[in-house]
1. How shielded is B:119-131 by partner chains, expressed as the average number of their Cβ atoms within 10 Å of its Cβ atoms?
2. Could you calculate the FRET efficiency of B:Ile88 with B:Ala181 from 1/(1 + (r/R0)^6), where r is the beta carbon distance between them and R0 is 30 Å, rounded to 0.05?
3. So what's chain C giving for Rg/Rh, alpha carbon basis, Kirkwood Rh from the mean inverse pair distance?
4. Mind sorting C:Met301, B:Met386 by how few other Cβ atoms lie within 10 Å of their own Cβ, fewest first?
5. Taking the stretch D:60-113 on its own, what percent of its Cα-Cα pair distances exceed 12 Å?
6. Based only on other Cβ atoms within 10 Å, what is the fewest-to-most ordering of C:Ile213, D:Ile67, A:Ile68?
7. For the stretch C:47-195, what is the charge dipole size about the Cα centre, in debye to the nearest 20, if Lys and Arg each add +1 at the Cβ and Asp and Glu each add -1 at the Cβ?
8. Tell me which of D:Val70, D:Ser33, D:Thr43 sits at the most positive position along the dipole axis of the stretch D:30-103, charges placed on C-beta atoms (Lys, Arg +1; Asp, Glu -1).
Amino acid sequence: MGYFIDSLKAMATTFRQIFRKPATYEYPEVIRPRAERLRASFALPDDENGELACIACMACEKICPSQIIHIKSEGKRESPVTGKKRQYADTFVLDLTACIGCELCVQVCNSNAIYMVREQEVPGFEREDLVLNLERLRANAKSKTAAWAKGTVLQEMQELPKAEKKPAAEKKPAPEKKPAADATAAPPGDEKPAPEKKPVAEKKETPAPAAPADATPAAAAPAEAAPAAEAKAAAKPDAEAKPDGEAKPKEAEPAKAEGAKSDAAKEASA
Amino acid sequence: MAVNGNGSGDGRKRLPVVDEGALAYDHPLYDTLLNVPGLSVATTSLDALLNWGLMNSLWIFPMATSCCGIELMAAAASRVDLDRMGTIVRATPRQAEVMVIAGTITVKMAPRVKTLWEQMPEPKWAIAMGSCAISGDFYRNLYAVVPGIDTVLPVDIYIPGCPPNPEALMQGLLRLKEKVALRRAGKLPPHDDRPGMLDVTRPSIARLLDPARDRALDQQQEDSALNASSFDRSDEPEDGEERAPDQLPDAIASTPPAEIEALLRDEFGVTELAPKDGAPVVAADKHVALARRLRGMGYQIFVYVVATHFPEKTGKVVAPERFEVAYALRTVGAGSKLVSWRLKLEPGQEAPSLVGVFAGADWQEREQWDLVGVRFAGHPDLRRLMMPDNWEGHPLRKDYPADKACPPWR
Amino acid sequence: MNPATQSALIHGAVYGTIVCLAVLTSIAMGIWFERKFAGRMQSRIGPTYTGPVGLLQPVADVVKLLQKEDIIPRDADHALFNLAPPLAAIFSLAAAAVVPFSAKVISADLDVGVVYILGVGGLMVVPTFMAGWSSNNKFALLGGMRAIAQSVSYGVPLVLATMVPVVLAGSLSVSGIVDWQATHHWFAVWPILPGLPAFLLFYLAMLAESNRIPFDIPEAESELVAGITTEYTGAKFTLFYMAEYVHTMVGSAVAAALFFGGWDGPFAPGLHWMVLKTLLIFVSVYWVRWSLVRFRSDQLMDLCWKRLTPLGLGLVFLAAAFVQYWPGGAR
Amino acid sequence: MHSGWLSVFAFLVVSSLIGFGLLAASRVIRVRSKSDSPLKHRTYECGEEPAGLAWMQFHARYYVVAIFFVLFDVEAVFLFPWAVVLRELGSAAFVAAVLFVVVLMLGWLYALRKEALQWQ
C-alpha cells in the first residue's frame, strides 16, 4: 500500500513538472550563455600595429602535448607597417582534431599571439575541415569571443615571488653556446620576446664573418687540415644562407671560437 | 604507412578525395519503380518523403567508451534535448542509424566497434565525437590506441573538442542532416580543398574510403573482428576444476614487523634489501612458502603483484637485464599492516605462482604476464588479460617501442 | 453465399478497416503525445523539428524504419523470426474487433466478447516468445522468458478483474455490459467497492500484459538491451513497436468499456465519449510510465500471486454478493 | 451470433493485411546493403563473439507458475458461466461457488506456506 501512495506522490511530482518552464535551450536558435572559461577553439590576433602578433617563437609548438601546432617561418623581414625587422609565422597550422584544450600554448605565449575562443568550430565532413590554418585562425580572432585569459595574464597568475625570480633572471645573460634554449623557458614577463629571439638568429649567423671573409671555397681546402675543413663545412650552409650576416658580430665568445678555427683554415688554404 | 592523395605538379600534397557518392547500399525494387515511365512524379515525391523520414529520425547508437560519453548523455538530457530533432538513443545497433563514437578506441576495442558498426542496418552514418575518436588525440602514437576511428569505419561527421559540449553534438547531428539530404540527391558535401595540411592530419594507416587505402586492410580488419576473442582455450580450467586456495587458519593476531624481519632473515635467508624502499629480496624458490607462512600469520589480503622490467645497462653502471616482481600483503581489519617483498628474476626465469595461496593472485599475475612478460610457474590460466589475444610482445617492457604498430588496427 | 453471411463479412471488413486505421492513427499521435508529455515531465520540450510542433515525428520514424535494411541473424530461426512481428501486430489489433466504440460502431458484436478479448490478449505471449526464442540471442531469450512468466501470471488477475463487470452486468458481451452501465450506472462509480478496485486491478494487469512500466521487465533496457526486439530491424521492429502501443490502446478501450460506461455520456455522441475515455486511460498509462521505476522480477511475481490474485477473487465474490444481497443490486 | 464470428474473421483479415502490408511496403522501399560481411549476420552480443547459441537448456523455474496458471485459469473457466447466470440461480449458486473457491484458496495457502511462491 505504501508503494502505491509513493507512486501517486511520484506521479503528482511529474504532473506538476509539466506546467513548469522547460530547462531546454533550443540550441541553434537560442544559444546557452557560454561559460567564461569555456575553451573550444583558437584564434591568432593581430597586434597593435594591425599585423599578425605571432612572431614564430615556436614556444607553443614545443609545449603542445599533442604536438598539433606546426609553425614555419621564413626568417626575419621588415614589417610593412613599422619598418622594424621581425619574425613572422608564415604557416601556422593547428590541428584541432587532436587538441585536448589544455591551453598550454596560450600560457607560454609571451606576445599574447594565441588565445582560445569560446565558440565551437563547426563540425566537419572531413578531418581536414577541422585543421585551422592561418586564415581561419585570424578569422576566428575577428569573429569569435575570446575565452577568459591570454598568455601574459596567465603567466602573471603563475609568477613566482620576486625573491626566487632573481637568480633565474641572472642566469640568463650568461649563455655560452645556446641562447636558444632559454627562449622557450624564459621566465615570464621580464623581457620582450622580440629581442630575446635575436640571439637565435644571430647564432646561425656568427660563423659568417670568418668563413666567407676571405672567400675560401670548400673545395680548395687541403686534406691535411682535416679538423679545420670540418669546421668550415659545418659553417658553410649558414654562410651561404645568410651572406649579409657579417654585419653584426655581437656575440663575442662563440664568434671567437669559430673564428679561431677558421683562422686555421685560412692559414691552411694559404 | 599509406601514401595519401594524388601528388600534384607543384609538389604540394592534396587532400585525399573520399568517394562519398558511392553508397553502401542500393534500392533494387525502388529503383525499378523510379524508372517506370509515368510514375516519375509519384516516385519523386515518394523519394522526397523517404528522405524526409530519414533526415528527421536519426536514432543514435552510443559507442561511448570514455569521457565524451558523458557529454553524449548530457545531450539527450534537458538542456539540449536531442529528442527535439527526433533523435532517441537505442541500446541495440539493429535499430539505430547513427553510431556516435564518443571516446578513445583502443586496439582491443576496435574489433568490437567494427562488429557493432557492421551490425547496424543500412542506411547508417557515423559521427566521431571528440579528439580521441577523430584522431586518437594525444594517444594517437601509443601502441594500444587506434589513430582515429575513420581508419576502421567511414566517418561522416567529425565533431572537434575534448570533449565537445552537448550543443556541439546537436550541431553535428544538424550537419549530418544536411549530409543525408545531399547524399540522397547524389551530391557530395562541400569539400574545402586546402593543400599542405595533409601531413598534420594523416593517420598512420589510411582511413576508410581513402583511395590510397589498401583494400586488403578492410578484409584484415573484418577477419580480425570475426576472431576478436578467439584464443586457445585448451589450457583453460574446466568448470569446477579451479584451484581452491589452501585451507589455512583464520586470522591470528597480526605479527609485529620486527618479528617478520627476523622470520625473513632466519627462515628465508634474506640478506639483500632492495634499494630505495628497503623491501626484502626473497629467493624465488622460497617465495611461495613465505606467502603461505605470512598468510597464516594474518596477512590475508593479497594487495598487489607488480612486475618491472629493467633493461640491460651499459656505460658507467653495468647491469644485466632483469625483472623485479614486487608482492604485498595486508592484514585484515583496523590498524592493518603491510608486508612486501621482491623477487629478482633473470630473463626467462619464472616466478612461482601464488594462485595456490591467494585466489586473488590469478588475474593480477595474468595482468603482469600480459603487460611485462613475467611468466608465473604453476599459474592455471596464464593468458592475455588486458591486451587482445593475438597481441605480440609485452607493452610495458622497457624495450617495447611505444608506437609499435598492431596491424590491422594501427 | 447467403446475404446474411455476406453482410456480416462486409460489416466486419468495413468496420475493421475503419477501426484499425483509427487505432493506428491515434497511436501515431499517441506516440507524439507521449514524447511531448514525457519531455515536459523531464523539463524538456520533446520533438519540435518535424512538422508543426513535431506532430509528424512518429510518421517520420515509421517512414525511416520502413526503409531500413532487413537483417536476419545467421543463427536465428528464419521462419519464426519473420512470422513473429506480423503476428504481434495482428493479435494486438484483433482484440479491437469486439470493442464497442459507440452503440453502432462495433466491428463484431460477439456475445462472448469478454472471453474473446481475454483469449486474444493472452495470445500476445505467443509472438513475444516466438521473437525471443527465434532470435537466438540471449538478451531476447531472457526477455521472452520474462514475458511469458509475466503474461501468464498477470493473466489471472486480469481475468478476475474482468469477471467483476461480468458478474455485475450478467453478460459476457462487451456491448451488453456497456448497455447495462448506460441504463444503470458506471461500474467504476457504483458499486464503488468491487467496481473501482476492480478497475485498478484491471489497469495494473493491463500494464503488465502490455509490458509497460512499471512492469516492463521483458525489455528492461538497462539489462536486456532491447529485450525481445534486440535483433529486429526496420519494418519488423516497427510492427513490434506498433503492437506494443496498439495493445495499450486496445487495453485502454476495453477498460473504458468495462468500467467507465464506454460510449455512455451526456451532451455528446457516444463515439466522442468512448474516444475521450480511452485516450484518458491511454495517457494515464504514459503518466505512470514516465513517473515510476520498474519492478524487479521477483517483486513482480510476489505482487501478482500473493496480493493481486487473492484480491481479485475477493472482488469477484464481493460483486457476486452485491448482485445477490444488495437491495436492487440484481436489477 | 453466427454473423458475429464472420465479422471477427473479416476483421482478422483486415488486421493481417495491415501487418503483412507493412512488411510488403518495406520490401519495396527498403535498402539492400552491398556489404556481405559475416559480422552483419552475427548475433548481437555487445560486439563480442557470441558464446554459443542461446538455444540451450537452463532452469526456467516456471513449473510452479505454469501449475498455478492452469489452476486459476480453469477456475476462471468455471466461474465465467456462473457469473453470467448468477442472477437466475440465486444464493445457492453463490454459496457453492464460495465453497469451491475456498477449497482452491486452501491450496493457495498451502503453496504459500511451503514457499512455492518465492522467487529468488
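1. Mean partner-chain Cβ count within 10 Å for B:119-131: 6.
2. The pair B:Ile88/B:Ala181 has a calculated efficiency of 0.90.
3. 0.98
4. The fewest-first ordering by Cβ neighbours comes to B:Met386, C:Met301.
5. Values: 1006 of 1431 pairs.
So the portion of pairs separated by more than 12 Å is 70 percent.
6. By the 10 Å Cβ count, ascending: D:Ile67, C:Ile213, A:Ile68.
7. Roughly 260 debye, rounded to the nearest 20.
8. D:Ser33
Bear in mind that the values in this text are calculations on the coordinates, not laboratory data. Note that the coordinates shown come from a computational prediction; the quantities given were computed from them, not determined experimentally. With ideal geometry, Cβ positions are generated from the backbone for all residues, glycine too; neighbour counts draw on all protein chains shown.
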